[in-house]
Every structure is written in C-alpha cells, then in structure tokens.
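K.L.:
Sending over a structure as structure tokens; questions will come in a sec.
The values are calculated or read from the model by the stated rules, or taken from the named source; none is laboratory data. The structure presented is a predicted model; accordingly, all values stated were derived computationally and were not measured. No Cβ is skipped: glycine too gets one built from the backbone with ideal geometry, and neighbour counts run over all protein chains shown. The accessibility values were calculated without ligands, DNA or RNA, using every heavy atom of the protein model including side chains. Shrake-Rupley method; radii C 1.70, N 1.55, O 1.52, S 1.80 Å.
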Amino acid sequence: MLDITKMLHQIIDLELQIDQEKELMIGPETRKQTIFVDLDLALSDMAEAAGWYKVVVPEQIDKEKLLATYVRSLALILLFSAKMQWTHLVVLDEENWQRITTAKKSTKLTDLNKSYLAIKHFLSNAYFNHQQESYRHAWHLLLKVGIVDWQLPPAQIATAYQQMIAEYGK
C-alpha cells in the first residue's frame, strides 16, 4: 500500500520550498489554476508515455517514462487536493485500497480511452464545480490505471515518487 499521507506532505513541503526559493507571490486562486493546468499537462504526458491510443504509429511503451509521468501526475493530484482543502479525500482505508487494486484490468482501447477521459472529466468537474466526489473518483481511477492497468507496482511507484521529490528538492 502506498503511504499517501507521506506523499501528500512531501509534495506540499516541496511546493512551499520552491515558492520560497523563487519568491513566488501569487494568490490562492492563481495557485489552484496553475496546479490544475500542470496536472492536465502531466496527465497528457502520462497518456503519451502509455501510448495505448496510438493506432496510426504505435510505439513500444517506455516503462521508465510512463512511471515518471505517472508519479508526476500523482504528485500534482495530491497537491491539487491540498489547494482545494480536500486532503481527506485522498486517504484510503484497506477496503478502498483493495477495491482499487483488485479491480479488473482494462486492456481494450475503448476502456483505456474511457478511463483517461473520465479522469479528465472528473477533475474538470472538481475544479470548475467544486465537486469533491468527482475529485475522489478521479483520484481512485488514477490509482487504478497505474497499479492495475499498467501494472506499476506500488513499491516502484513509491520509490520513483521519493526520487522525484529528492530531485526537485535540490
């Protein structure tokens, strides 16, 4: 199981460190917008790395790039929860963790497309309409896509996350 609380605190601390170093002075609403845009781009990078939708010019999946973009998306979705004051939504009990990690793997193009589009839809609804339940659905679906569909082991995700935090925190 991922230590979500630790991951959340680390990304919040990293953001504060970067803000102080760069002396960023932007308001809370602009901060939310900036994180939302960065999250949207990270999700696109993640889909690009996964490449399931590339039917015209298929490529081999670069697992390292996929892991890196997935971890970046996780960090940003966690940071988004903090900015929206929804950190209670990222906490997973054992039952929810089991439900997510034992879900049926999506292998069909239509199901993979729907998962990606649903994450984006739920996040947009969370941002524009302040729908906490939509955020929770996006969060759970993002975890499921990485762990179940792309079979990224939680231990590998945690290690890559720690490396990303250390790298950006230099």
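Residues are listed down the side, and each one gets a yes or a no for (1) in contact with a strand residue (DSSP E or B) (Cβ under 8 Å, 6 or more places away or on another chain); (2) closer than 24 Å to HIS130 by Cα; (3) of a type outside the set (Lys, Arg):
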residue: LEU14; (1), (2), (3): no, no, yes
residue: ILE35; (1), (2), (3): no, yes, yes
residue: ILE61; (1), (2), (3): no, no, yes
residue: GLU64; (1), (2), (3): no, no, yes
residue: ALA75; (1), (2), (3): no, yes, yes
residue: LYS83; (1), (2), (3): no, yes, no
residue: VAL90; (1), (2), (3): no, yes, yes
residue: LEU112; (1), (2), (3): no, no, yes
residue: SER115; (1), (2), (3): no, yes, yes
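K.L.:
Go through the stretch 64-90 and count every residue that is closer than 12 Å to LEU2 by Cβ and at pLDDT below 95.
P.N.:
0
K.L.:
Scanning the stretch 151-170 for residues that are under 26 Å from ARG31 (Cβ atoms) and of a type in the set (Gly, Ala, Ser), which turns out most open to solvent (accessible area, probe 1.4 Å)?
P.N.:
Only one residue tops the list, namely ALA166.
K.L.:
Please verify whether the stretch 134-150 includes one or more residues that are of a type in the set (Ser, Thr, Tyr) and either open to solvent by 40 Å² or more (accessible area, probe 1.4 Å) or out of contact with any helix residue (DSSP H, G or I) (no Cβ under 7 Å at 6 or more places or on another chain) (or both).
P.N.:
No: zero hits.
K.L.:
Among the residues of the stretch 101-122, what is the count of those that are open to solvent by less than 70 Å² (accessible area, probe 1.4 Å), modelled with pLDDT of 95 or more and of a type outside the set (D, E, K, R)?
P.N.:
So the count comes out to 7.
K.L.:
Moving on. Within the stretch 112-170, work out how many residues are more than 28 Å from GLN20 (Cα to Cα) and β-branched (Val, Ile, Thr).
P.N.:
Selection size over the stretch 112-170: 4.
K.L.:
In the stretch 4-42, which residue that is farther than 20 Å from GLN163 by Cα and of a type in the set (A, V, I, L, M) is surrounded by the most Cβ atoms within 10 Å (Cβ to Cβ)?
P.N.:
ILE35
K.L.:
ASN125: over 14 Å from the mean Cα position of the chain (by Cα), surrounded by 14 or more Cβ atoms within 10 Å (Cβ to Cβ), farther than 17 Å from ALA42 by Cα and not β-branched (Val, Ile, Thr), yes or no?
P.N.:
The answer is yes for ASN125.
K.L.:
For ALA47, are the conditions met, namely being modelled with pLDDT under 95 and either open to solvent by less than 50 Å² (accessible area, probe 1.4 Å) or in contact with a Pro (Cβ under 6 Å, 6 or more places away or on another chain) (or both)? Explain how you work it out, then say what you get.
P.N.:
Values: modelled with pLDDT under 95: yes; either open to solvent by less than 50 Å² (accessible area, probe 1.4 Å) or in contact with a Pro (Cβ under 6 Å, 6 or more places away or on another chain) (or both): yes.
When the stated conditions are applied, ALA47 passes them.
K.L.:
Somewhere in the stretch 56-75, is a residue aliphatic (A, V, I, L, M) and over 24 Å from ALA155 (Cβ atoms)?
P.N.:
yes
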